[in-house]
Structure formats: structure tokens, C-alpha cells
Amino acid sequence: MAVQEGELWEFVLADKLGSGQTRDTYLCALNSETVVKVERELPAFDNFTEFDLWKNMSHNFEAQAKRWLVPCRRLSQGGKYLVMDRCWPIKDWSVLPKRIPAWLKADAHVGNWGVDRSGRAVCLDYANHYIFRLMKANAWKLEPVKWRA
Ligand SMILES: Nc1ncnc2c1ncn2[C@@H]1O[C@H](COP(=O)(O)OP(=O)(O)OP(=O)(O)O)[C@@H](O)[C@H]1O
Ligand SMILES: [Mg+2]
């Protein structure tokens, strides 16, 4: 028997915590330490981008990723659902850092930041990033190459 999408949805998703231009965020009913970010329209790439960035950044820059980014945990096959650690809205702007990593300046509005369990400000929406603009200066510079077979 086919699983009814509505029933599974209610089983997995609890209260809606917020919405952005492309995604809605729900508390995960199965684990209240996490949220599920749902793309409203498909095809969509923000969940993919965020998950991929978390994987790459936490692999290559572990300490910085853990300091600044809310960890992603799981991505559904088609990218519609992303499980991320939960954080809380910024109520007191004095917790916001005066300086943030350059690539996170792309979309530095307060709704894209939250506080983690320890009260520290962290970025919860890093899908719209600045990396390509930062790359511009040196990534297109011509350099000698040794071709491999
Ligand atoms: N990890 C999280 N914990 C708690 N709430 C969250 C989390 N991630 C997102 N939210 C809430 O959901 C809202 C929408 O999420 P997000 O900003 O990622 O969506 P978006 O559609 O990409 O936003 P934007 O309009 O900035 O592009 C956030 O503003 C925030 O209120
Ligand atoms: Mg956002």
C-alpha cells in the first residue's frame, strides 16, 4: 500500500518555525534537536547548495565550519527536504558578531542567523553565498598545468 504523503508529513514535521523566499522550516517531530527545511517549489537548489557547502566546509575547514555554520545532517534524494540542527531566533542583536567570514556577507540579514544551544550566533542560511565573487580575483588567473592521464 502506498504511503500517504500527508500522513508521513504530519508524522515527521511539527511546528513551522519560519519561512524565507524559497523554503519553509519545521521543527522535526522525530528529533526536536533538528529542523526540516522544505523547498516550496521544485526544482530547487538551496537545500542542495547548503548541504554541499556544509560537507565541503566541515571537511576542509572543520573548526571554522563548526564555529560559524549550523550543521546540515541529511538531504533527501531530490533535495526537497534538508535536516539541519535547530537554533533559535536572534532576539537581542547584541549577540550578533561585528565581523563575519567574508563569504557569509552575501545574505547577512538577521533572519539568516540564529543562536545555538550555547547562545552563540551562527549562520542558518548559507545557501546564498559569496564564494564565487571572492573567487573572481584569483580563480581565473592563468597558471601552468601538468596534465595527468
Ligand atoms: N536551523 C534552524 N533552526 C531554527 N530555525 C530555522 C533554521 N533554519 C531556518 N530557520 C527558520 O526558517 C527561516 C527560513 O529559512 P531560510 O532562511 O534557510 O530559508 P530561505 O528561503 O533560504 O531564506 P531567504 O529568504 O533568506 O533566502 C529562517 O529565517 C528561520 O526563521
Ligand atoms: Mg534565509
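The values are calculated or read from the model by the stated rules, or taken from the named source; none is laboratory data. A quick note: this is a predicted structure, and the numbers were derived from the prediction, not measured. When we count neighbours, we look across all protein chains shown, and the Cβ atoms used for this are built from the backbone with ideal geometry, even at glycine.
Which one is farthest from the chain's Cα centre (by Cα), of the residues in segment 94-149 that are among the acidic types (Asp, Glu) and more than 14 Å from ligand 2 (Cβ to nearest atom)? Here the residue is Glu143.
When Glu39 is tested against (1) without any contact (Cβ under 8 Å) to a residue 40 or more places away in the chain; (2) under 17 Å from the mean Cα position of the chain (by Cα), only condition (1) is not met. For segment 102-116, what are the residues that are farther than 20 Å from Asn47 by Cβ and at pLDDT below 95? Correct list: Ala102, Lys105, Ala108.
Listed here are the residues, each with its yes/no results for (1) hydrophobic (A, V, I, L, M, F, W, C); (2) more than 12 Å from ligand 1 (Cβ to nearest atom); (3) more than 12 Å from the chain's Cα centre (by Cα).
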site: Asp46; (1), (2), (3): no, no, no
site: Asp52; (1), (2), (3): no, yes, no
site: Val83; (1), (2), (3): yes, no, no
site: Asp92; (1), (2), (3): no, yes, yes
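Note on segment 78-114: residues that are within 19 Å of Ser58 (Cα to Cα) and of a type in the set (Val, Ile, Thr) total 2.
Is it true that some residue in segment 58-74 is farther than 21 Å from Gly18 by Cβ, within 16 Å of ligand 2 (Cβ to nearest atom) and of a type in the set (Phe, Trp, Tyr)?
Scanning segment 58-74 turns up no residue that is farther than 21 Å from Gly18 by Cβ, within 16 Å of ligand 2 (Cβ to nearest atom) and of a type in the set (Phe, Trp, Tyr).
Within segment 19-51, the set of residues being surrounded by 15 or more Cβ atoms within 10 Å (Cβ to Cβ) and among the charged types (D, E, K, R) comprises Arg23, Asp24, Lys37, Glu39, Asp46, Glu50.
I'm checking my understanding of the structure. Among residues of segment 52-66 that are surrounded by 12 or more Cβ atoms within 10 Å (Cβ to Cβ) and charged (D, E, K, R), which one is nearest to Arg99 (Cα to Cα)? Ranking the candidates gives Lys66 first.
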